[in-house]
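Here the structure comes first, spelled out in structure tokens, and everything after it is commentary.
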Amino acid sequence: MKEKTKIVHAGRDPKSNHGAVNPPVYHASTILYPTYEDLKHPKTRVQYGRRGTPTVFALEDAIMALEGGAGCAIVPSGLNACTTALLAFLSSGDHLLMTDSAYGPTRNFCNTFLKRMGVETTYYDPTIGADIASLMTDRTTVVFVESPGSLTFEVQDIPAIAEVAHANGAKVILDNTWASPLFFKPYEHGVDVSIQAATKYVVGHADTMLGTITANEECWPLLHAARGELGLCAGPDDIYLALRGLRTLDVRLKQHMKQGIELATWLGERDEVSHVLHPALPSHPQHDIWARDFLGASGLFSVVLNPVEEPALAAMLDGLELFGMGYSWGGFESLVVPSNPGRYRTATKWDTPGRLLRFHAGLEDMDDLKTDLDKGFARLRAAG
């Protein structure tokens, strides 16, 4: 079955729901059992609200159909997906290798909660590839990858990293939010556990927080147990919105890709821009790895401006009409946020003098987006 067909049909069973196209929303905590024997030995998948309902199972089945894996856990947020996956495979005394370009809140979790737990975290250059072997120890349990990296969009050589990790008995956990299951197939590249902030492209409408975690056959029992032990469950209405968003993921993501590449190319030609960080552009340092491993690109990328004073940057951003300033991304709307990646790095240096702007290319008319930014750059120059 082709991918775009899976997106429309996976996780749906109209025959079991009186012909309704979409799975119904089950609000449930208590599940009643007809007999004592059934209570002792449940014969159905639905056993208690926290453990899942038909609404939950529909989304889990759909995500697995697209991403692969032996099981899927739905959790309340993307960060929760990252933390749950880490907690499932780390114990006191273990060593974690974490990419230096990781999502900021994931990094914070390592530096606070995991540190208190007695887990040692070593940050590594995201472009290290097979040389990650030099950082492996006999306590290294997990190698965490995020490709492309948050804010700076380094593309990691995941197959090379996975080969080294597995040779040393470590598991590979991937944050796959940028590409989604459509544009990167984690289990074809050696990943053991794959995470998504479904808040982003799966939901697609900037109105729901949700995370997904899939795992291969070897890792699924531990992950499934961790989700249960932590008592994690997401609300049925949020899951319903994710199911609804998922049905148009193929169409939306292809348009986000088109919009992002066009916008990044246009920005790269502007005098105010030093360089563009977009893996799908030939100018990107790891473009060859992206072209080898990925099936497409999303609408998220960054640019580095030539140095400007803060008031000039504020004049540009404050007057934008179509580009909202706000965190998250993956919805239908265009966004921009300034950032300084150097504040977070420890294994690599970010010494680029210009300010970084992260863009999310939404679904608006491209000429309108360019006009909005063109006016913004005019304000930047006038204030500079």
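Tabulated data for the structure shown
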{"quantity": "Descending principal axes extents, the range 118-236, alpha-carbon based, whole Å", "calculated": "44, 33, 28"}
{"quantity": "In the range 290-384, the chymotrypsin sites (Phe, Trp or Tyr not before Pro) that fall in loop regions by DSSP, at most 10 other Cβ within 10 Å", "calculated": "327"}
{"quantity": "Net length gained if the chain between residue 116 and residue 134 were fully extended (0.36 nm per residue, minus Cα distance)", "calculated": "3.9 nm"}
{"quantity": "Simple label model, 7 Å out from Cα along Cβ direction - residue 2 to residue 16, nm", "calculated": "2.7"}
{"quantity": "Using θ = phi - 60° and Karplus 6.51 cos²θ - 1.76 cosθ + 1.60, couplings along the range 262-272 (whole Hz; Gly, Pro as x)", "calculated": "5, 5, 4, 5, 4, 5, x, 8, 8, 5, 6"}
{"quantity": "15 Å beta-carbon shell around residue 103, net charge (K/R +1, D/E -1)", "calculated": "+1"}
{"quantity": "Total charge dipole magnitude, the chain, about the Cα centre, Cβ charges on Lys, Arg, Asp, Glu only, Debye to nearest 20", "calculated": "880"}
{"quantity": "Dimensionless Rg over Rh [the chain; C-alpha; Kirkwood]", "calculated": "0.99"}
{"quantity": "Hz values of 3J(HN,Hα) by residue in the range 87-93 - Karplus curve (6.51, -1.76, 1.60), Gly and Pro given as x", "calculated": "5, 5, 10, 10, 10, 3, x"}
{"quantity": "Among 299, 326, 52, residue whose mean-square fluctuation peaks in a GNM of the chain (springs only between Cα atoms under 10 Å)", "calculated": "326"}
{"quantity": "Helix 54-67 axis, angle to the chain major axis (alpha carbon atoms, nearest 10°)", "calculated": "50"}
{"quantity": "Over 20 Å between alpha carbons, listed pairs 115/349; 254/375; 200/258; 200/349; 185/349", "calculated": "115/349; 254/375; 200/349; 185/349"}
{"quantity": "Sites residue 248 and residue 269 - FRET efficiency at Förster radius 35 Å, r taken between beta-carbons, to 0.05", "calculated": "0.65"}
{"quantity": "Sequence-distant residues sharing a close amide H with residue 277 (under 5 Å, placed H)", "calculated": "302, 303, 304"}
{"quantity": "Counted charge near residue 52, where neighbours are those whose Cβ lies closer than 9 Å (Asp, Glu -1; Lys, Arg +1)", "calculated": "+2"}
{"quantity": "Within the accessible area of the chain (1.4 Å probe), percent carbon and sulfur", "calculated": "53"}
{"quantity": "For the range 141-230, size of Cβ-based charge dipole, Lys and Arg +1, Asp and Glu -1, in debye", "calculated": "180"}
{"quantity": "Sequence-separation-based contact order of the range 1-104, relative, with Cα cut under 8 Å and 6+ spacing, percent", "calculated": "23"}
{"quantity": "Exposure rank, largest accessible area first [151, 222; 1.4 Å]", "calculated": "222, 151"}
{"quantity": "The range 260-334 - percent relative contact order, Cα under 8 Å, separation 6 or more", "calculated": "28"}
{"quantity": "Average Cα contact separation per residue, the chain, under 8 Å, 6 or more apart, as relative contact order %", "calculated": "16"}
{"quantity": "Label-point separation, residue 31 to residue 207 (7 Å along Cα→Cβ), nm", "calculated": "2.9"}
{"quantity": "Ranked order, 189, 9 - accessible area, probe 1.4 Å, largest first", "calculated": "9, 189"}
{"quantity": "Neighbourhood charge, 9 Å Cβ-Cβ cut-off, centred on residue 71 and excluding it, Lys, Arg +1 and Asp, Glu -1", "calculated": "-2"}
{"quantity": "Computed magnitude of the charge dipole of the range 34-107 (debye, nearest 20; Cβ of K, R +1, Cβ of D, E -1)", "calculated": "240"}
{"quantity": "Amide proton proximity set for residue 121, modelled H, under 5 Å, gap of 5+", "calculated": "96"}
{"quantity": "Accessible area in square angstrom per residue, the chain, 1.4 angstrom probe", "calculated": "43"}
{"quantity": "Separation in nanometres of the label points that stand 7 Å from Cα toward Cβ, at residue 367 and residue 318", "calculated": "3.1"}
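The values are calculated or read from the model by the stated rules, or taken from the named source; none is laboratory data. As the structure is a prediction and not an experimental result, all values here were calculated from the model. Note: ideal-geometry Cβ built from the backbone for every residue, glycine included; neighbour counts use all protein chains shown. The protein model used for the area step is the full one, side chains on, heavy atoms only, and it has no ligands, DNA or RNA in it. Shrake-Rupley method; radii C 1.70, N 1.55, O 1.52, S 1.80 Å.
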